[in-house]
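Colleague: Take a look at this one; I'll ask things after.
Bear in mind these aren't lab numbers, they're just calculated from the coordinates by the rules spelled out. Bear in mind the structure is a predicted one, so any value in this text is a computation, not a measurement. Cβ placement follows ideal geometry from the backbone for every residue including glycine, while neighbour counts extend to all protein chains displayed.
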Amino acid sequence: MNLNKIRLGILASGNGSNADSIMSAFKDHPKIEVVCVLSNKKEAMVLEKAKVKKVNSFYVRKLKADSAEAYDQKLINILQEFEVDWVVCAGYMKLLTHFFLKTMNYKVLNIHPSLLPEFPGKNAYEDAFSAKVKRSGCTVHLVDEGIDSGRIISQKPIELKSEDTLESFKERGLAIENKFYPEVIEIFLLEECNDI
Ligand code: GRF
């Protein structure tokens, strides 16, 4: 762990293609480092991907007795142990509490697969596809207490072709997300933390 770098902690629940591309992008980066990956899902593929990349990874279990804040405290304990500066959500399918955001000084990023404020929520690809829009996209934004409502940092359009199926649209969209997210993180954090 290099304290001169901006340290990222990734939160993810699933396959982890975005987490994987972020780990690759910052592997030997002079100023940004991924120090840990946390998942609320034991079987999440992202944990395997982190192991392959030799990034510390943790399944953080929610006990029945855990309140939302108590669970988020478990995440915070690990993030603080690794001295994480910025939290990067990458397919993290759980709402973060006000307590979490406040403790992390609202230094939390997310990618959402639509041109927000259009199609917020869990099924953005499906919703855009069903609405037969000609263009959707993805958005990197800061996280606040709402659902995909934080300040927008950058957006990228994704064209919906007439021959697209939901699967082909999602596949193309995810490939674009994977490239776009690390690029935006790098530009944003180097500007934001230009005193480092
Ligand atoms: C992505 O579409 C992301 O925008 C959304 O959840 C999906 C996660 O995919 N929030 P992956 O786990 O990064 O492959």
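Colleague: Taking θ = phi - 60°, what integer Hz values does the Karplus form 6.51 cos²θ - 1.76 cosθ + 1.60 yield along the range 180-188, in sequence order, with x for Gly and Pro?
Modeller: 5, 4, x, 4, 5, 4, 4, 4, 5
Colleague: Let me ask something else about it. Among 111, 60, 79, which residue has its Cα positioned farthest towards the positive end of the charge dipole of the chain, with +1 placed on the Cβ of Lys and Arg, -1 on the Cβ of Asp and Glu, and the dipole taken about the Cα centre?
Modeller: 60
Colleague: Could you work out the mean projected area of the convex hull around the alpha carbons of the range 102-196, in square nanometres to one decimal?
Modeller: Projected area, direction-averaged: 6.4 nm².
Colleague: Given H placed 1.01 Å from N in the peptide plane, which residues other than close sequence neighbours of residue 34 have an amide H under 5 Å from its amide H?
Modeller: It is 8, by chain and number.
Colleague: Placing +1 on the Cβ of each Lys and Arg and -1 on the Cβ of each Asp and Glu in the range 82-196, which of 133, 189, 157 has its Cα farthest towards the positive end of the resulting dipole?
Modeller: Ranked along the dipole, the leading option is 133.
Colleague: Just order 155-163, 28-36 by mean Cβ neighbour count inside 10 Å, highest at the front, would you?
Modeller: 28-36, 155-163
Colleague: Let me know the shape class of the range 1-116, please: from the alpha-carbon gyration tensor, a ≥ b ≥ c as square roots of the eigenvalues, rounded when a/c is under 1.5, otherwise prolate if a/b is greater than b/c, or oblate.
Modeller: rounded
Colleague: I've got another one for you. Where does the chain land at 222 nm, in deg cm²/dmol rounded to the nearest 500, when only DSSP H runs of n ≥ 4 count, each adding -39500 (n - 2.57), divided by all residues?
Modeller: -11000 deg cm²/dmol
Colleague: Same structure, new question: Taking H placed 1.01 Å from N in the peptide plane, check which residues at least 5 places from residue 149 or on another chain put their amide H under 5 Å from its amide H.
Modeller: Here 144 satisfy the definition.
Colleague: Can you give the net charge of the other residues whose Cβ lies under 14 Å from the Cβ of residue 45, counting K and R as +1 and D and E as -1?
Modeller: +2
Colleague: If you don't mind, there's one more thing I want to ask. Rounded to the nearest 5, what is the percent of antiparallel bridges among the DSSP beta bridges in the chain?
Modeller: Percent antiparallel among DSSP bridges in the chain is about 40.
Colleague: Moving on. Would the chain count as rounded, prolate or oblate if I go by the C-alpha gyration tensor, calling it rounded below 1.5 in a/c and otherwise prolate when a/b exceeds b/c, oblate otherwise?
Modeller: Verdict is prolate for the chain.
Colleague: Still on this structure, I have one more. Using the crude model of +1 on Lys and Arg Cβ and -1 on Asp and Glu Cβ, and no other charge, please compute the dipole size for the range 54-173 relative to its Cα centre, in debye to 20.
Modeller: 100 debye
Colleague: Calculate the length of the line joining the C-alpha centroid of the range 4-43 to that of the range 170-193, in whole Å.
Modeller: 12 Å
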